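Have a look at the structure below, then the notes.
The values are calculated or read from the model by the stated rules, or taken from the named source; none is laboratory data. All figures in this text were calculated on a predicted structure; none of them were measured in a lab. Methodologically, a virtual Cβ is constructed for each residue, glycine included, from the backbone with ideal geometry; neighbour enumeration extends over all protein chains shown.
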Amino acid sequence: MKKLVPNLLVLLLICCSAYGYETQSVYVGPGYSRISFRDGIICLTRSKPASVLVLTSEGKFVSEISVGLSYPVNAVHHAGMIFISDYYKASVMVYTIFGRLIKKVDVGPYPTTLKFSNNRVYVACSGDKSVYRINCLTLEKEEKYVFQSASLYFEVINDELLYLYYFDTDRTYERVGGSKKIVKVSNLKNPVKYAEKDGFSYILGYADGIVVCLKNDNELWRVNLSDYAKDMVLANNYIATTSLLDPVMTLVSYDGKVLKRISLPNVAHRVLYMDEKVVLLNHLPGEIYLVDTKTDEVQTIKVGSYAIDLVQISQSELAVLCTDSEELFLINLRGRSP
């Protein structure tokens, strides 16, 4: 059985100069299923046995946090501290990056998703259908927002909380902060993504594959896409979406027209826009697709088994967590610097 040796992670460097990218594979151990990146630190979370692995952006070992944890769900770095939502302890556990416990902040039952904005951390708690706001400087609770049903999906934009009602058919999202407003977008199922650009809002419905554009919370246009649209990203001149049903990426213009559908080798569940390319992630067999939307060329990068998620590290670097092969892949789209 492989063993993780602190300060000496197994590192495999694969240079693909002919393709212009560089890949590093770091062995991280079994069971890690969630990844985050913030302020130069990668956090990998494993719920059972409880563990949070803290790495640098280069994949170097910093610490492994396990003492005091029961069932960690999310872990994110902020200002030298690791914030961890502990599902069974109904708390946000705060550690130094080296693993020393600083404080246990009690929140609602079953905390899950963590988001940061303006030295505040927001945590969704499915047990009491709420989001708690914690001051990252004082580590004290400041606010509790209560909603009509539980959800894992929310965004914090300009200190406003946008809460997506994934399971609710009577409402689509709720806006709280400067003002409070419940918005219903008709015939849109399971909202999973909300983003804003140039004063317009864009929301993605998962089950029926719909992108809706809104202005001041009022619908302007909508586009029907492939069902089970898992993710979208706002690029300079278009919106790129994925589908778990069809192996395609769809590009939508900002005035609501389908520009093109680009075929992929397999379905993709995550999408980023970086280094003037669309980057998509496939679970199985475990692949990254780099798409040049000008030429429609699709370049495939093989990664490990069951590639569960990816995060952007820099303008040209990303990290991919592969649970079955127990690896973290670090990919530089520009290759090695001269």
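Summary table
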item	result
Test for LEU225: is it within 22 Å of the chain's Cα centre (by Cα), within 26 Å of VAL121 (Cα to Cα) and not acidic (Asp, Glu)	no
Verdict on LYS48 being of a type in the set (Lys, Arg), farther than 18 Å from LEU333 by Cα and modelled with pLDDT under 95	no
Selection count where residues are in a loop (DSSP other than H, G, I, E, B) and either in contact with a His (Cβ under 7 Å, 6 or more places away or on another chain) or crowded, with 22+ Cβ neighbours inside 10 Å (or both), scope the range 34-62	1
VAL267 closer than 22 Å to VAL223 by Cα and under 14 Å from the mean Cα position of the chain (by Cα)	no
Extreme residue, farthest from ALA240 (Cα to Cα), among residues of the range 284-298 that are touching a Leu at 6+ places or on another chain (Cβ under 9 Å) and crowded, with 16+ Cβ neighbours inside 10 Å	GLU287
Only one of VAL26, VAL5, VAL67 that is at pLDDT 95 or above, out of contact with any strand residue (DSSP E or B) (no Cβ under 7 Å at 6 or more places or on another chain) and either at negative phi or buried (at least 18 other Cβ atoms within 10 Å of the Cβ) (or both)	VAL67
Scan of the range 246-261 for residues that are within 19 Å of TYR289 (Cβ to Cβ) and either of a type outside the set (Lys, Arg) or without any contact (Cβ under 8 Å) to a residue 12 or more places away in the chain (or both), ordered by number	ASP246, PRO247, VAL248, MET249, THR250, LEU251, VAL252, LEU259
Every pair of residues 6+ apart whose Cβ atoms lie under 6 Å, when the first sits in the range 137-157 and is within 15 Å of ASP106 (Cβ to Cβ) and at pLDDT 95 or above while the second is of a type outside the set (Lys, Arg) and surrounded by fewer than 16 Cβ atoms within 10 Å (Cβ to Cβ)	GLU142/ASN135
Residue within the range 276-295 that is acidic (Asp, Glu), over 28 Å from TYR27 (Cβ atoms) and either at pLDDT below 95 or over 23 Å from the mean Cα position of the chain (by Cα) (or both) present	yes
Strands (runs of 3 or more DSSP E) enclosed by the range 80-161 - at least 1 residues per element that are within 27 Å of LYS181 (Cβ to Cβ) and not small (Gly, Ala, Ser)	111-117, 120-125, 130-135, 140-146, 154-157
Meets criteria (in contact with a Phe, Trp or Tyr (Cβ under 6 Å, 6 or more places away or on another chain) and either within 15 Å of PRO111 (Cβ to Cβ) or surrounded by fewer than 20 Cβ atoms within 10 Å (Cβ to Cβ) (or both)) for ARG171	yes
Test: residue in the range 259-268 that is surrounded by fewer than 18 Cβ atoms within 10 Å (Cβ to Cβ), in contact with an Asp or Glu (Cβ under 6 Å, 6 or more places away or on another chain) and at pLDDT 95 or above	no
Conditions (1) at positive phi; (2) among the aliphatic types (A, V, I, L, M); (3) crowded, with 17+ Cβ neighbours inside 10 Å: number failed by LEU139	(3)
Qualifying positions in the range 206-228 - out of contact with any Leu (no Cβ under 6 Å at 6 or more places or on another chain), in contact (Cβ under 8 Å) with a residue 24 or more places away in the chain and part of a loop (DSSP other than H, G, I, E, B)	TYR206, ASP217, LEU225
The range 308-318 - residue that is out of contact with any Leu (no Cβ under 6 Å at 6 or more places or on another chain) and of a type in the set (A, V, I, L, M, F, W, C) and, of those, nearest to ASP231 (Cα to Cα)	VAL311
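Listed here are the residues, each with its yes/no results for (1) at pLDDT 95 or above; (2) in contact with a Phe, Trp or Tyr (Cβ under 6 Å, 6 or more places away or on another chain); (3) not acidic (Asp, Glu).
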{"residue": "SER179", "(1), (2), (3)": "no, no, yes"}
{"residue": "LYS184", "(1), (2), (3)": "yes, no, yes"}
{"residue": "ASN190", "(1), (2), (3)": "yes, yes, yes"}
{"residue": "GLY205", "(1), (2), (3)": "yes, no, yes"}
{"residue": "VAL212", "(1), (2), (3)": "yes, no, yes"}
